[in-house]
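Taking it in order: structure first as structure tokens, then the write-up.
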Amino acid sequence: MKNIHLIVVGTASLLLLSGCSTKQPEIAKAQTDCVVQGEDAPTWVCGNDQKIADNMYYGVGSASMSKIGYGYTSREANADARSVLAQRIETEIKDKIEHFSRSTGVASNEIADKVSTQVSKQVAKISLTDSKQIRSWEHPKNGSLFVMLSVEKSNVNRAARQGVLSSFKNNDAQWQQLQSKEALEGLDKEFTVIDPKLI
């Protein structure tokens, strides 16, 4: 009786083990930080790694695949990315000019607002001519195209610094204040220009 009991337990154990061995292990799907329309995408597509390099501004844009063709889709995606990039540059330049004006006292709030709005828009337009496409990704199912454009911060800062100086030159009193060492150092701090030859 004891032997029969051992045989039954042994057989059950073998059946259990053989049942487990035929079952395929589940393969865990890799988690991604970016899913676009049901597909894993590079993290930059979702804007999750905008800090690729500290010396650059970035803009990501997209366009649905057009019946006209890839060339048209690419132009549309790049136009969208330029719009995003321009908004990012405008916002940052405006903040820097307002901070500079407040910290140095070279202009009233009203004049600082006017200068920051004028210069930030002007700089964004100029900077976009220097922008370059550095990445692209096409959705594997629907062909939507995503692109990333970048522009060097030094180019943006150079144009912004010149824009601030030109704007304040129109008012003698403000121009005199801007010529102080403290004001010029504040301007240089906000709009650092790095010579690429020195890097």
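Before moving on, here are some points about what is shown:
- Cβ-Cβ distance of residue 40 and residue 87, R₀ of 22 Å, FRET efficiency by 1/(1 + (r/R0)^6): the value works out to about 0.20.
- For residue 56, the residues 5 or more places off, or on other chains, whose built amide H falls under 5 Å of its own are 153.
- Relative contact order for the range 35-188, counting Cα pairs under 8 Å that sit 6 or more residues apart, in percent: 29 percent
- Packing-based order for 75-86, 144-155, using average beta carbon neighbours within 10 Å, highest first: 144-155, 75-86
- Gain upon complete extension [residue 74, residue 142; 0.36 nm per residue less C-alpha separation]: 23.0 nm
- Rounded if a/c under 1.5, otherwise prolate or oblate - the range 35-188, Cα gyration tensor axes: prolate
- Positive contributions from Lys and Arg (+1) and negative ones from Asp and Glu (-1), summed over other residues with Cβ under 11 Å from the Cβ of residue 103, come out at -1.
Rule-based calculations on the coordinates, nothing more; no lab input. Please read all numbers here as calculations on a predicted model, not as lab measurements. Ideal geometry is used to build each Cβ from the backbone, glycine not excepted, and the neighbour counts take in all protein chains shown.
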